[in-house]
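Step one of this worksheet: look at the structure below.
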Amino acid sequence: MMSLKKKQLPRYCEEVLAPTNETHGTVVHPAWCDRCKCLCAGGPRYKCVSASCDDFDLCCECFISSPVHASEAHCILRLDIPLHKNKLGHYKFDYTVDQVSGFPCSQCSGPIGPGQPCYCCVICPHEFVLCAGCCDSTIGAEHEHPWDHVMMFCPYGKPSAPWPRVETFYSGVSACAPERGIPPTDAQRRLTGLEFDASFITIRPFNWADMPEILAIESSAFEDPYGPELITELLSNSNTWANVADFNGIAVAYLMCERKKGGAEIYAVCLAVHSLYRKRGLGPVLLKGAIEDARAAGAQCMTLHVNALNSVAYSLYSSLGFVNLKKCPGYYAETRKKCKDAWKMILNF
């Protein structure tokens with residue numbers, strides 16, 4: 001897995017290296033690892049829930065290397081599905097270890113002795129506790145534990161006091177999905193499958209905290225994704241802005257526009273939807289909103305470029321009233337796209 005390193009940037013933004021095909025299709029969490037300073041990607045994200053830790057996360061590799069990150073006992077949530085930090089701020093638990101009694105693993109029934117690490121479900125109303133060896137198979141084909149339940153790692157044994165339970169961390173998604181036995185690698189796709197509810201989509205302005213998610217969208221959508229330097233440069237221009245489609249606190253699609261010719265022309269710089277959220281109507285919603293805003297602002301037209309072989313995007317733009325203005329040979333000459341030509345399209349108001 002490629003490490004996405006954090007670099008120095010202006011205060012309004014934290015930069016990562018542009019994702020490449022090495023990370024295409026992997027789970028990308030909207031969080032930085034506080035140990036290696038990389039974006040949490042390619043596996044579960046681990047988040048400390050101790051009141052003394054302020055927004056502490058570990059990536060999968062760092063957790064495997066050493067799950068204990070503090071001198072005192074801290075519990076850590078294991079998150080297989082990307083979840084915005086705003087959805088986790090309410091869950092805190094100060095850990096007191098049960099040093100006396102042992103207990104059986106809820107999956108293999110093997111004994112978990114006092115002081116041995118274990119995982120506790122924070123959603124099941126009854127005590128569902130796993131030994132460390134069983135945790136990775138909790139969502140296996142032969143296990144009945146719901147795929148979207150979140151496990152909490154307890155490094156020194158089961159807590160002596162009951163831990164807080166929540167109904168679900170995933171707004172709009174049932175905590176007990178009807179289908180069981182979905183492997184962890186498919187959990188993210190399951191979240192965006194039958195449970196997807198468009199009523200939980202919010203169109204809002206881009207903010208710099210969205211940058212990791214925008215880079216994940218770019219990596220998922222394009223062979224030659226925009227890098228952080230270019231996105232930062234574009235959005236630092238007072239004539240450029242972006243709107244995002246927000247699902248469950250995560251930016252899953254975005255549209256960037258630029259004001260040209262004193263506002264007479266609005267140019268759609270980039271429209272991208274994460275591959276897991278396509279065919280949900282997010283692209284048309286973002287574009288229609290931009291068209292309405294452009295009309296209201298007194299613009300005379302909206303323009304954009306589309307790859308000459310991208311029939312899906314071309315059909316979308318045509319359905320909204322865009323027509324060919326001119327062909328631009330070699331427009332994508334500096335990219336790895338198979339077709340280097342583009343159509344410039346225009347929608348007159």
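The values are calculated or read from the model by the stated rules, or taken from the named source; none is laboratory data. Just so you know, these numbers come straight off a predicted model, no measurement behind them. Cβ: placed from backbone, ideal geometry, glycine included. Neighbour counts: every protein chain shown. Each accessible area value is taken on the protein alone, full model and side chains, heavy atoms only, with ligands, DNA and RNA left out. Shrake-Rupley method; radii C 1.70, N 1.55, O 1.52, S 1.80 Å.
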Within the under-12-Å Cβ sphere about F349, not counting F349, Lys/Arg +1 and Asp/Glu -1 give a net charge of -2
A 1.4 Å probe over the protein heavy atoms gives region 254-349 a carbon and sulfur accessible-area percentage of 51 percent
Let me cross-check K327: its accessible surface, 1.4 Å probe, with only protein heavy atoms counted, in Å² to the nearest 10? 100 Å²
Which links in K279/K326; K47/K338; K261/K326; K288/K327 stretch past 30 Å when you go from one Cα to the other? K47/K338
